[in-house]
Amino acid sequence: MTFSDTLRARLETAQSVCVLTGAGISAESGVPTFRGEEGLWKKFRPEELANFHAFIRNPDLVWEWYAYRRKLIHEVKPNAGHYALVELERRVKEFTLVTQNVDNLHRRAGSKSMVELHGNIERSYCIDCGAIVEELDIDSLTKAPRCVHCGGLVRPDVVWFGEMLPREAFSRAEQAARHCDLFLCIGTSAVVYPAASLPYTAFDQGAFVVEINRERTELSTRAHESLLGAAGEILPQLVSCFSHQEGNTP
Ligand code: OAD
(Lines give C-alpha, C1' and ligand atoms only; values in the text may rest on other atoms or scores of the structure.)
Protein backbone atom coordinates (compact mmCIF):
# COMPACT_ATOMS: atom_id res chain seq x y z
CA MET A 1 0.00 0.00 0.00
CA THR A 2 1.27 3.49 -0.80
CA PHE A 3 0.94 6.00 2.02
CA SER A 4 0.38 9.70 1.43
CA ASP A 5 3.22 12.13 2.17
CA THR A 6 1.14 13.66 4.96
CA LEU A 7 0.69 10.28 6.63
CA ARG A 8 4.39 9.42 6.29
CA ALA A 9 5.37 12.73 7.86
CA ARG A 10 2.96 12.13 10.77
CA LEU A 11 4.31 8.63 11.35
CA GLU A 12 7.92 9.80 11.29
CA THR A 13 7.34 12.56 13.82
CA ALA A 14 4.76 10.98 16.17
CA GLN A 15 5.88 11.16 19.79
CA SER A 16 2.84 9.80 21.54
CA VAL A 17 0.72 7.09 19.94
CA CYS A 18 -2.59 5.68 21.11
CA VAL A 19 -4.01 2.61 19.38
CA LEU A 20 -7.53 1.25 19.64
CA THR A 21 -8.10 -2.29 18.39
CA GLY A 22 -11.20 -4.38 17.86
CA ALA A 23 -12.07 -7.88 16.74
CA GLY A 24 -10.80 -7.23 13.18
CA ILE A 25 -7.15 -7.38 14.26
CA SER A 26 -7.65 -10.97 15.42
CA ALA A 27 -9.66 -12.00 12.37
CA GLU A 28 -6.53 -13.05 10.47
CA SER A 29 -5.66 -15.34 13.39
CA GLY A 30 -8.99 -17.10 12.90
CA VAL A 31 -10.99 -15.46 15.70
CA PRO A 32 -14.48 -14.54 14.46
CA THR A 33 -15.59 -10.91 14.64
CA PHE A 34 -18.95 -9.89 16.14
CA ARG A 35 -20.73 -8.02 13.37
CA GLY A 36 -21.07 -8.58 9.62
CA GLU A 37 -22.27 -11.63 7.73
CA GLU A 38 -19.80 -14.04 9.37
CA GLY A 39 -19.96 -12.36 12.78
CA LEU A 40 -20.76 -14.12 16.07
CA TRP A 41 -23.86 -11.97 16.64
CA LYS A 42 -25.39 -13.39 13.43
CA LYS A 43 -25.32 -16.91 14.90
CA PHE A 44 -25.68 -16.26 18.62
CA ARG A 45 -27.93 -13.94 20.58
CA PRO A 46 -25.93 -11.58 22.79
CA GLU A 47 -28.90 -11.12 25.11
CA GLU A 48 -28.72 -14.85 25.97
CA LEU A 49 -24.96 -15.05 26.32
CA ALA A 50 -23.33 -11.73 27.09
CA ASN A 51 -25.58 -10.33 29.75
CA PHE A 52 -25.65 -10.68 33.54
CA HIS A 53 -29.34 -11.64 33.77
CA ALA A 54 -28.83 -14.35 31.18
CA PHE A 55 -25.92 -15.64 33.26
CA ILE A 56 -28.02 -15.84 36.42
CA ARG A 57 -30.84 -17.53 34.46
CA ASN A 58 -28.61 -20.09 32.82
CA PRO A 59 -24.98 -20.02 34.01
CA ASP A 60 -24.17 -23.40 32.44
CA LEU A 61 -25.18 -22.18 28.96
CA VAL A 62 -23.13 -19.00 29.31
CA TRP A 63 -20.10 -21.03 30.44
CA GLU A 64 -20.53 -23.40 27.52
CA TRP A 65 -20.26 -20.43 25.17
CA TYR A 66 -17.17 -19.02 26.93
CA ALA A 67 -15.54 -22.47 27.05
CA TYR A 68 -16.11 -22.72 23.29
CA ARG A 69 -14.52 -19.32 22.66
CA ARG A 70 -11.61 -19.98 25.00
CA LYS A 71 -10.88 -23.26 23.27
CA LEU A 72 -10.92 -21.49 19.90
CA ILE A 73 -8.59 -18.78 21.15
CA HIS A 74 -6.15 -21.32 22.62
CA GLU A 75 -5.88 -22.94 19.22
CA VAL A 76 -4.87 -19.77 17.36
CA LYS A 77 -1.79 -17.57 17.35
CA PRO A 78 -1.17 -13.82 17.19
CA ASN A 79 -0.73 -12.58 13.60
CA ALA A 80 1.45 -10.01 11.80
CA GLY A 81 -0.86 -7.17 12.94
CA HIS A 82 -0.40 -8.01 16.65
CA TYR A 83 3.38 -8.29 16.20
CA ALA A 84 3.57 -4.99 14.30
CA LEU A 85 2.05 -3.26 17.34
CA VAL A 86 4.69 -4.84 19.60
CA GLU A 87 7.33 -3.35 17.29
CA LEU A 88 5.57 0.03 17.34
CA GLU A 89 5.68 0.05 21.15
CA ARG A 90 9.47 -0.39 20.90
CA ARG A 91 9.83 2.50 18.47
CA VAL A 92 7.84 5.38 19.94
CA LYS A 93 8.39 7.28 23.17
CA GLU A 94 4.84 7.10 24.52
CA PHE A 95 2.60 4.28 23.53
CA THR A 96 -0.74 2.95 24.77
CA LEU A 97 -2.59 0.06 23.24
CA VAL A 98 -6.28 0.09 24.10
CA THR A 99 -8.10 -3.07 23.09
CA GLN A 100 -11.73 -4.06 23.10
CA ASN A 101 -10.65 -7.66 22.55
CA VAL A 102 -10.80 -10.19 25.36
CA ASP A 103 -8.76 -12.78 23.45
CA ASN A 104 -5.37 -12.08 25.05
CA LEU A 105 -3.60 -12.19 21.66
CA HIS A 106 -1.92 -8.78 22.09
CA ARG A 107 -0.39 -9.95 25.37
CA ARG A 108 0.66 -13.26 23.86
CA ALA A 109 2.36 -11.35 21.02
CA GLY A 110 4.32 -9.32 23.59
CA SER A 111 2.50 -5.98 23.93
CA LYS A 112 3.08 -4.44 27.35
CA SER A 113 1.56 -1.00 27.66
CA MET A 114 -2.01 -2.21 27.32
CA VAL A 115 -5.48 -1.36 28.49
CA GLU A 116 -8.09 -4.11 28.24
CA LEU A 117 -11.37 -2.23 28.07
CA HIS A 118 -13.69 -5.24 27.91
CA GLY A 119 -11.77 -7.57 30.23
CA ASN A 120 -9.96 -10.79 29.47
CA ILE A 121 -11.48 -14.17 28.69
CA GLU A 122 -8.64 -15.97 30.48
CA ARG A 123 -9.66 -14.53 33.86
CA SER A 124 -12.76 -15.16 35.95
CA TYR A 125 -14.09 -13.99 39.29
CA CYS A 126 -16.62 -14.90 41.93
CA ILE A 127 -19.77 -12.78 41.76
CA ASP A 128 -20.23 -13.06 45.55
CA CYS A 129 -16.82 -12.51 47.16
CA GLY A 130 -14.99 -11.06 44.15
CA ALA A 131 -12.07 -13.56 44.36
CA ILE A 132 -10.12 -13.66 41.09
CA VAL A 133 -9.82 -17.08 39.52
CA GLU A 134 -6.74 -17.18 37.26
CA GLU A 135 -6.46 -20.88 36.53
CA LEU A 136 -9.63 -22.55 35.46
CA ASP A 137 -9.58 -25.92 33.78
CA ILE A 138 -12.16 -24.96 31.26
CA ASP A 139 -11.85 -28.15 29.19
CA SER A 140 -13.21 -30.23 32.03
CA LEU A 141 -16.10 -27.85 32.77
CA THR A 142 -19.52 -29.39 32.49
CA LYS A 143 -21.24 -26.83 34.71
CA ALA A 144 -20.64 -23.24 35.75
CA PRO A 145 -17.71 -23.25 38.22
CA ARG A 146 -18.12 -22.35 41.89
CA CYS A 147 -15.78 -20.29 44.04
CA VAL A 148 -13.42 -22.36 46.21
CA HIS A 149 -13.67 -19.73 48.98
CA CYS A 150 -17.38 -19.06 49.29
CA GLY A 151 -19.21 -21.34 46.87
CA GLY A 152 -20.50 -18.36 44.82
CA LEU A 153 -20.92 -18.49 41.05
CA VAL A 154 -17.77 -17.74 39.08
CA ARG A 155 -18.15 -15.62 35.94
CA PRO A 156 -15.78 -14.67 33.12
CA ASP A 157 -13.98 -11.36 33.71
CA VAL A 158 -15.42 -9.72 30.62
CA VAL A 159 -17.73 -6.76 30.20
CA TRP A 160 -21.26 -7.75 29.25
CA PHE A 161 -23.98 -5.67 27.64
CA GLY A 162 -25.43 -3.17 30.10
CA GLU A 163 -22.31 -3.23 32.30
CA MET A 164 -19.90 -0.40 33.01
CA LEU A 165 -16.35 -0.60 31.74
CA PRO A 166 -13.68 -1.02 34.43
CA ARG A 167 -13.32 2.59 35.62
CA GLU A 168 -9.52 2.64 35.87
CA ALA A 169 -9.12 1.04 32.44
CA PHE A 170 -11.35 3.57 30.72
CA SER A 171 -9.74 6.51 32.43
CA ARG A 172 -6.26 5.32 31.30
CA ALA A 173 -7.60 4.91 27.77
CA GLU A 174 -9.14 8.39 27.74
CA GLN A 175 -5.97 9.90 29.11
CA ALA A 176 -3.94 8.28 26.32
CA ALA A 177 -6.44 9.42 23.66
CA ARG A 178 -6.35 12.95 25.04
CA HIS A 179 -2.57 13.22 25.03
CA CYS A 180 -1.54 11.42 21.87
CA ASP A 181 -0.51 13.12 18.65
CA LEU A 182 -1.34 10.06 16.56
CA PHE A 183 -4.35 7.80 17.06
CA LEU A 184 -4.71 4.51 15.19
CA CYS A 185 -8.13 2.87 15.09
CA ILE A 186 -7.75 -0.71 13.89
CA GLY A 187 -10.26 -3.44 13.02
CA THR A 188 -13.23 -2.10 14.90
CA SER A 189 -16.70 -1.26 13.64
CA ALA A 190 -16.43 1.71 16.06
CA VAL A 191 -20.06 1.48 17.15
CA VAL A 192 -19.78 0.25 20.75
CA TYR A 193 -19.52 3.09 23.24
CA PRO A 194 -17.69 4.30 25.22
CA ALA A 195 -14.74 2.69 23.37
CA ALA A 196 -15.95 4.25 20.10
CA SER A 197 -15.67 7.72 21.63
CA LEU A 198 -11.87 7.47 21.93
CA PRO A 199 -10.96 8.39 18.32
CA TYR A 200 -13.20 11.48 18.64
CA THR A 201 -11.54 12.46 21.92
CA ALA A 202 -8.16 12.23 20.16
CA PHE A 203 -9.51 14.13 17.18
CA ASP A 204 -10.87 16.95 19.39
CA GLN A 205 -7.48 17.32 21.04
CA GLY A 206 -5.77 17.77 17.68
CA ALA A 207 -4.37 14.27 17.12
CA PHE A 208 -3.99 12.83 13.63
CA VAL A 209 -6.50 9.97 13.37
CA VAL A 210 -5.84 6.99 11.10
CA GLU A 211 -8.25 4.13 10.59
CA ILE A 212 -7.31 0.68 9.31
CA ASN A 213 -10.24 -1.53 8.40
CA ARG A 214 -11.36 -3.90 5.67
CA GLU A 215 -14.51 -1.79 5.28
CA ARG A 216 -15.58 1.79 5.75
CA THR A 217 -17.09 2.57 9.15
CA GLU A 218 -18.80 5.50 10.85
CA LEU A 219 -15.36 6.85 11.66
CA SER A 220 -14.09 6.77 8.05
CA THR A 221 -15.43 10.19 7.06
CA ARG A 222 -13.97 11.87 10.17
CA ALA A 223 -10.56 10.13 10.17
CA HIS A 224 -7.67 12.03 8.57
CA GLU A 225 -6.72 8.83 6.73
CA SER A 226 -8.80 5.73 6.22
CA LEU A 227 -6.69 2.80 5.03
CA LEU A 228 -8.81 0.04 3.54
CA GLY A 229 -7.43 -3.48 3.85
CA ALA A 230 -6.28 -6.19 6.22
CA ALA A 231 -4.57 -5.07 9.42
CA GLY A 232 -2.05 -7.92 9.17
CA GLU A 233 -0.88 -6.56 5.82
CA ILE A 234 -1.09 -2.80 6.38
CA LEU A 235 0.28 -2.57 9.92
CA PRO A 236 3.77 -4.02 9.29
CA GLN A 237 4.23 -1.51 6.42
CA LEU A 238 2.90 1.35 8.50
CA VAL A 239 5.10 0.54 11.50
CA SER A 240 8.23 0.38 9.34
CA CYS A 241 7.73 4.12 8.62
CA PHE A 242 8.23 5.07 12.29
CA SER A 243 11.78 5.89 13.19
CA HIS A 244 13.28 4.57 16.44
CA GLN A 245 13.13 7.26 19.08
CA GLU A 246 15.70 8.07 21.68
CA GLY A 247 15.17 6.24 24.94
CA ASN A 248 13.51 3.28 23.30
CA THR A 249 15.19 -0.05 22.68
CA PRO A 250 15.38 -0.81 18.98
P1 OAD B 1 -16.95 -5.89 15.20
O2 OAD B 1 -17.23 -7.30 14.84
O3 OAD B 1 -18.10 -4.99 15.47
O4 OAD B 1 -16.09 -5.19 14.04
C5 OAD B 1 -14.95 -5.79 13.51
C6 OAD B 1 -14.39 -4.84 12.45
O7 OAD B 1 -13.18 -5.39 11.97
C8 OAD B 1 -15.30 -4.60 11.24
O9 OAD B 1 -15.41 -3.21 11.02
C10 OAD B 1 -14.55 -5.30 10.09
O11 OAD B 1 -14.73 -4.62 8.85
C12 OAD B 1 -13.11 -5.21 10.56
N13 OAD B 1 -12.21 -6.25 10.05
C14 OAD B 1 -12.46 -7.57 9.85
N15 OAD B 1 -11.35 -8.20 9.47
C16 OAD B 1 -10.36 -7.29 9.41
C17 OAD B 1 -8.97 -7.32 9.09
N18 OAD B 1 -8.35 -8.46 8.75
N19 OAD B 1 -8.26 -6.17 9.15
C20 OAD B 1 -8.86 -5.00 9.50
N21 OAD B 1 -10.17 -4.90 9.82
C22 OAD B 1 -10.90 -6.03 9.78
O23 OAD B 1 -15.93 -5.93 16.44
P24 OAD B 1 -15.58 -4.77 17.48
O25 OAD B 1 -15.60 -3.44 16.84
O26 OAD B 1 -14.36 -5.20 18.17
O27 OAD B 1 -18.09 -6.17 23.13
O28 OAD B 1 -16.80 -4.89 18.47
C29 OAD B 1 -16.82 -4.08 19.60
C30 OAD B 1 -17.45 -4.82 20.75
O31 OAD B 1 -18.73 -5.34 20.37
C32 OAD B 1 -16.69 -6.06 21.20
O33 OAD B 1 -15.64 -5.77 22.08
C34 OAD B 1 -17.76 -6.86 21.89
C35 OAD B 1 -18.85 -6.70 20.86
O36 OAD B 1 -20.15 -6.88 21.34
C37 OAD B 1 -18.31 -6.86 24.24
O38 OAD B 1 -18.32 -8.07 24.26
C39 OAD B 1 -18.56 -5.99 25.44
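The table below gives the values:
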| read-out | value |
| --- | --- |
| Relative contact order [Cα under 8 Å, 6+ residues apart], region 62-203, whole percent | 20 percent |
| Long-range amide H partners of V133 with built H, under 5 Å | S124, Y125, C126 |
| HN-Hα J in Hz across region 141-154 - Karplus 6.51, -1.76, 1.60, θ = phi - 60°, x for Gly and Pro | 6, 10, 9, 4, x, 10, 5, 6, 8, 10, x, x, 6, 9 |
| Cα-based Lys pair tally, the chain, threshold under 28 Å, eight or more apart or on separate chains | 12 |
| Rounded accessible area of E168 (nearest 10 Å², 1.4 Å probe) | 130 Å² |
| Kirkwood hydrodynamic radius of the chain, from inverse mean 1/r over distinct Cα pairs, in Å | 18.9 Å |
| Portion, in percent, of the accessible area of the chain that falls on carbon or sulfur, probe 1.4 Å | 49 percent |
| Relative contact order (%) - the chain, alpha-carbon pairs under 8 angstrom, separation at least six | 26 percent |
| Separation between Cα centres of region 31-105 and region 121-149, rounded to whole Å | 18 Å |
| Restricting region 169-222 to GluC sites (Glu not before Pro) in coil, as DSSP defines it, with at most 15 other Cβ within 10 Å | E215, E218 |
| Label point distance in nm, R45-D60, each placed 7 Å from Cα along Cα→Cβ | 1.9 nm |
| Per residue, in Å², the accessible surface of the chain once ligands and nucleic acids are set aside, probe 1.4 Å | 49 Å² |
| Within region 9-25, backbone nitrogen closer than 13 Å to the virtual label 7 Å beyond the Cα of H224 toward Cβ | 9-18 |
| Solvent-accessible surface ranking, highest first, for S29, S189 at 1.4 angstrom | S189, S29 |
| Ordering of 1-9, 109-117 by burial proxy (mean other Cβ atoms within 10 Å per residue, highest first) | 109-117, 1-9 |
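The values are calculated or read from the model by the stated rules, or taken from the named source; none is laboratory data. In this text, all values refer to a predicted model and were calculated from it rather than measured experimentally. Positions of Cβ are generated from backbone atoms using ideal geometry, with glycine treated the same way; all protein chains shown enter the neighbour counts. To get the accessible areas, we keep the full protein, side chains included, count just its heavy atoms, and leave off ligands, DNA and RNA. Shrake-Rupley method; radii C 1.70, N 1.55, O 1.52, S 1.80 Å.
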